[in-house]
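These notes concern the structure reproduced below.
The values are calculated or read from the model by the stated rules, or taken from the named source; none is laboratory data. This one's a predicted model, so the numbers in the text were calculated from it and none came from an experiment. Note that each Cβ is placed from the backbone with ideal geometry, even for glycine, and that neighbours are counted across all protein chains shown.
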């Protein structure tokens, strides 16, 4: 092994992998040209493509140049492109979802898997490393997942995939890397950024993240300076094996005290974490809807599949986090006022009337509604989604009614519905942090059985 070492780094626990050009060989210019052409055909006839493809490219450039860090990149792209075709952003997002499930697969011909990628990741997992895909987030999650599959990496448990739906800056901006660290709950010195593009990946060092520049051939080792390490994927595999097990250090971001409502990161952290949780729990068990429906009407056809129920509830919580970030309190949330479209986009409206089961006890007693009251309502909604009934709400644990409900999820529901305000989650930040913590604990228990 002849890895070039510029600066040794402390033991790390998390490996941040770039995707395109690092784990997946790709002809990016040809890929993008075909991408814009195929995607454009979803919106206009072939004769109108000369008008639409420049609009797509311009929206992509605007997203890539965005530096304010206020909105997520998907919003920047959709709001920039939608006027060109005179359709609302939510409808445009649905068209892209359909495109990524269909024609996008044709673009696979511009890529090829790197043989060393999967053995490297499997070795890292055996050594206890946490893995993240730290790709430039200029694509939607479903497009990134497809390329992960094309790279032959399906089934690899990535903790985080940086995508347009959750990120607020692109590479190489330092805020991209700081947000990635925050989503992972890691310090900079606990991570190693691994990528092939010096201009995009090496700026991670500005925050103190270690860097490994992937080179295709050993003889190119000295072509670029600035990385802590330079070597091939095969050499990285050997280096990890020689270095031994991963470090176990971690920032205490799983502690709910780090996510209290008075935290300066409160509203944005909630939205970021909810989007990432949405990605972690994503499911293919779609409920086909041809029009906007209320959650109540969906339940009238029978209880939904459990995994889909949890995933859909998380999407509703994501919407609630965004409303809370705008200082909007509902006071009571029920399935009658939760609207879902054919692409599982969610809208919550204020209830004109609400059954007592969904109203927090303190509100029933005359207290003004607040964020905690909304969280109580969401606990009841999840109880109903998973058990199919509210007959025993507040009297029996969800797991007593359905033995397939795992203990971690049972605990989450009960904490949302806790009558004691000191014990109930205080904010959507609390819920998001707890959900990640409880799910991780649940996976650990399953693997030890």
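Please go through region 169-188 and pick out each residue that is under 15 Å from residue 70 (Cβ atoms), in a helix (DSSP H, G or I) and either at pLDDT 90 or above or within 16 Å of the chain's Cα centre (by Cα) (or both).
If the condition is that a residue be under 15 Å from residue 70 (Cβ atoms), in a helix (DSSP H, G or I) and either at pLDDT 90 or above or within 16 Å of the chain's Cα centre (by Cα) (or both), then 176, 178, 179 are the ones that fit.
Consider residue 364 against the criteria (1) more than 14 Å from residue 413 (Cβ to Cβ); (2) buried (at least 16 other Cβ atoms within 10 Å of the Cβ); (3) at pLDDT 85 or above: it satisfies all of them except one. Which criterion is unmet?
Single failed check for residue 364: (2).
Quick one: which residue in 123, 63 is in the same structural domain as residue 151 (by TED's automatic domain parsing), modelled with pLDDT under 95, in contact with a helix residue (DSSP H, G or I) (Cβ under 6 Å, 6 or more places away or on another chain) and farther than 15 Å from residue 149 by Cα?
Matching residue, one of 123, 63: 123.
Give the residues of region 407-440 that are surrounded by fewer than 19 Cβ atoms within 10 Å (Cβ to Cβ) and assigned to a loop (DSSP other than H, G, I, E, B), sorted by residue number.
Hits for region 407-440 are 418, 419, 420, 421, 422, 423.
In region 37-50, which residues are in a helix (DSSP H, G or I) and either in contact with a strand residue (DSSP E or B) (Cβ under 6 Å, 6 or more places away or on another chain) or touching a residue at least 24 places away in the same chain (Cβ under 8 Å) (or both)?
Within region 37-50, 38, 39, 41 qualify.
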